[in-house]
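Trainee: Got a structure for you, written out below as structure tokens; questions coming shortly.
The values are calculated or read from the model by the stated rules, or taken from the named source; none is laboratory data. Predicted model only: the values in this text are computed from it and were never measured. Don't worry about glycine lacking a Cβ; one is built from the backbone with ideal geometry, like all the others, and counts go over all protein chains shown. The protein model used for the area step is the full one, side chains on, heavy atoms only, and it has no ligands, DNA or RNA in it. Shrake-Rupley method; radii C 1.70, N 1.55, O 1.52, S 1.80 Å.
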Amino acid sequence: LAKTGLFIEFLTALPQYGDIPRYAFLTEFVGSPSAQAKMDFLKLLEDGLCRQNREYEYTRSSQLLRSPVLKVVRCGDYERYRAARIAEGSHEGQFKMPELTADEGFSSNFAVEEELFLD
């Protein structure tokens, strides 16, 4: 984020299965970043994952894992999700948005307005 100058409300990574799986990153940005800024952010995510995790880099280079997808969600969805969880009984001070989830259905809690792909 520091390299792009972007700000986010939240980011959650989750698997997206298919013929070749990939990671999806649900993201709500603060403001309305340009298409280029969002693509730069996705490229930096991919580069960072490759640098930090050799296994990820290997699975990407061997094409066992597709490039990630950035799923930009509607402005205000984070707050709507948080409010709904609190209404269901979560303690407001203890609520934390997951940064990583194995729940493929998690994205159904949000309106995805745009999907960006590197490939």
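Trainee: Among the residues of region 1-51, which ones are part of a helix (DSSP H, G or I) and touching a Ser or Thr at 6+ places or on another chain (Cβ under 9 Å)? Write out each step before concluding.
Mentor: At the first step, the residues of region 1-51 found to be part of a helix (DSSP H, G or I) are 35-51.
Hits for region 1-51 are ALA37, LYS38, ASP40, PHE41, LEU42, LEU44, GLU46, CYS50.
Trainee: Just to check your reading of the model, which residue among GLY31, GLY93 is in contact (Cβ under 8 Å) with a residue 12 or more places away in the chain and among the small types (Gly, Ala, Ser)? If you could, list the steps in order and put the result at the bottom.
Mentor: Working: GLY93 fails: in contact (Cβ under 8 Å) with a residue 12 or more places away in the chain.
So the residue among GLY31, GLY93 that is in contact (Cβ under 8 Å) with a residue 12 or more places away in the chain and among the small types (Gly, Ala, Ser) is GLY31.
Trainee: Residues of region 42-56 being open to solvent by less than 90 Å² (accessible area, probe 1.4 Å), farther than 19 Å from GLY18 by Cα and free of Cβ contacts under 8 Å to residues at least 12 places away in the same chain, which ones?
Mentor: Matches in region 42-56: ASP47, GLY48, CYS50, ASN53.
Trainee: Considering every residue within region 60-77, establish whether at least one is of a type in the set (A, V, I, L, M), closer than 17 Å to LYS3 by Cβ, open to solvent by less than 30 Å² (accessible area, probe 1.4 Å) and touching a residue at least 40 places away in the same chain (Cβ under 8 Å). Before you say what the answer is, go through the steps one by one.
Mentor: Taking region 60-77 as the starting set, the residues that turn out to be of a type in the set (A, V, I, L, M) are 64-65, 69-70, 72-73.
Pick out the ones that are also closer than 17 Å to LYS3 by Cβ and you get 70.
Filter once more, keeping what is open to solvent by less than 30 Å² (accessible area, probe 1.4 Å): 70.
Then drop every residue that is not touching a residue at least 40 places away in the same chain (Cβ under 8 Å), which leaves 70.
Yes, the conditions are met somewhere in region 60-77.
Trainee: Please determine whether any residue of region 81-88 is closer than 17 Å to ALA24 by Cα and assigned to a loop (DSSP other than H, G, I, E, B). So that I can check it myself, show each step before the final result.
Mentor: Restricting attention to region 81-88, the residues satisfying the condition of being closer than 17 Å to ALA24 by Cα are none.
No, region 81-88 contains no residue that is closer than 17 Å to ALA24 by Cα and assigned to a loop (DSSP other than H, G, I, E, B).
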